[in-house]
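Each remark here refers to the structure printed beneath this line.
Coordinate-derived values only; no laboratory data. This is a predicted model, so every value here is computed, not measured. Quick reminder, even Gly has a Cβ in these numbers, built from the backbone with ideal geometry, and neighbours come from all protein chains shown.
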Amino acid sequence: MNTYLERYAYPERFLSNEAQAHTTQIVVIPCYNEPDLLTSLQSLANCKPTKGHTEVITVINHGENASEEVIQRNQQTLEEAQAWASAQSLPHLSFEFIKVSNLPKKHAGVGLARKIGMDEAAYRLEILGKSKAPIICFDADSQCSENYLLEIEQYFQDYPKTNAASIHFEHPLEGDFPKQWYEAIEIYELHLRYYVNGLRYAQHPFAYETIGSSMVVRADIYQKQGGMNRRKAGEDFYFLHKIIPLGNFADITSCQVIPSPRPSDRVPFGTGKAVGEFLASGETQRMDSYHPEIFEELKVFIEKAYGFFKQPFGAVKEEMPAATQAFLVESKFEEELQKILKNSPNKKIFKQRFFQWFDGFRTLKYVHFLRDYQYPPIDLRSGVDKLFNLLEISQCQPAQQLESMRAYDRHLHYSPKLSNWD
């Protein structure tokens, strides 16, 4: 057994049976106080058969401070799911359930639940000698297209060097929930896509969606990068931004995840929390977001930052816009640059080390710094209009903006153009 599984994985193994020998991928679902798990499991069961075997591991969990209502809900969910699974007869698909109770209050949450399931999946694949097989992250209130499992399996077989991927997602915009829920999720999804495509306009090499229900990672890469974190929210963002800088990261757009539009109070931030805040405010059709000038300034910064490799810090800084200069001072980048240069014998290593510093998290801090320093938020739909101009996407009515951006994302094979860096 390797170092990660021996020293850093969750210490307990829950499943006594081995995965089937011809398993090609494992889906992991964290489940807490979830009434709709069967809908998600049925969505996976409705998928087209995969060539190999797919295993689904659901981690039904609660913390030591959980209410009696949550504990009872989890037990009911487990019993219903086990009964449902025993009635299935799918040779290509099997369902396993882990129940974890009384997790420490400090760590109990979606990050730890994902970690428990993903560590279990990594262990089971290691036993089979299939450490390069993908571990797929899904959610207990999500659904998927019928080709979801098959397309992911095929992608990793066709492109075996792929380390990880983001799966195309589209929230439902109509259905049985209240109209306001769909209005809120539409504007929030537009905001998510606006931000990532703003980064893509700027040619940031790490501009990918980081949605927990829509990500997949090879088991060996999962272990190499230290596994899943235990964050109560944002675990997906922080996890993927350890993986993306390795390269060989992909967008899989030939299938899709359908996340729930429901509001949620289970995490301190994220999609469900944002929808809940929209509903509480009574404003579900409007949102302020980042000024597009921020993405234009970011583009200039990325284009000119290569100059730091050979030119004096002050000379290159003076070529930057004022807000970016202020950010570099605030971030004490000149000191960091000396460390980067000291360990960069060539421009390839310099690029790698620069973007280790200017990673996804620091880029978000940059965007927030420029927002507070010079570019206050503007109406999201106005920002999208301006970004469409920058990306040369045809203008459309506000109601069509999300579908236009979805279509753009489905057909875009993102490859940042950093010619002056290469």
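Going by Cα centres, the stretch 62-106 and the stretch 378-422 are how many Å apart?
Value for the Cα centre distance between the two parts: 41 Å.
Using the Karplus equation 6.51 cos²θ - 1.76 cosθ + 1.60 (θ = phi - 60°), what ³J(HN,Hα) coupling, rounded to whole Hz, does each residue of the stretch 376-388 give in order, writing x for Gly and Pro?
Here the 3J(HN,Hα) series is x, x, 10, 4, 4, 5, 5, x, 4, 3, 5, 5, 4 Hz.
On a C-alpha basis, how far is the centre of the stretch 306-334 from the centre of the stretch 229-254 in Å? Whole number, if you could?
28 Å
Over the chain, what relative contact order in percent results from Cα pairs under 8 Å that are six or more residues apart?
Relative contact order here is 18 percent.
Scan around T23 for amide H atoms under 5 Å from its own, H built in the peptide plane at 1.01 Å from N, and keep only partners 5 or more places away or cross-chain.
H53
Given H placed 1.01 Å from N in the peptide plane, which residues other than close sequence neighbours of F95 have an amide H under 5 Å from its amide H?
V56
Which of [x] 0.97; [y] 1.00; [z] 1.11 is the computed Rg/Rh (Cα atoms, Kirkwood Rh) for the structure on display?
Recomputing Rg/Rh (Cα atoms, Kirkwood Rh) here gives the entry labelled [x].
So for the chain, taking the charge dipole from beta-carbon charges (+1 Lys/Arg, -1 Asp/Glu), which of A45, I244, M118 sits furthest toward the positive end?
It is I244.
Could you give log10 I(q)/I(0) at q = 0.10, 0.12, 0.16 Å⁻¹ for the stretch 289-411, computed by the Debye formula over C-alpha point scatterers of equal weight, without solvent?
Computed log10 I(q)/I(0) values: -0.39, -0.54, -0.84.
In whole Hz, with x marking every Gly and Pro, tabulate ³J(HN,Hα) for the stretch 36-48 from phi via Karplus 6.51 cos²θ - 1.76 cosθ + 1.60, θ = phi - 60°.
10, 4, 4, 4, 5, 5, 5, 4, 5, 5, 7, 5, 4
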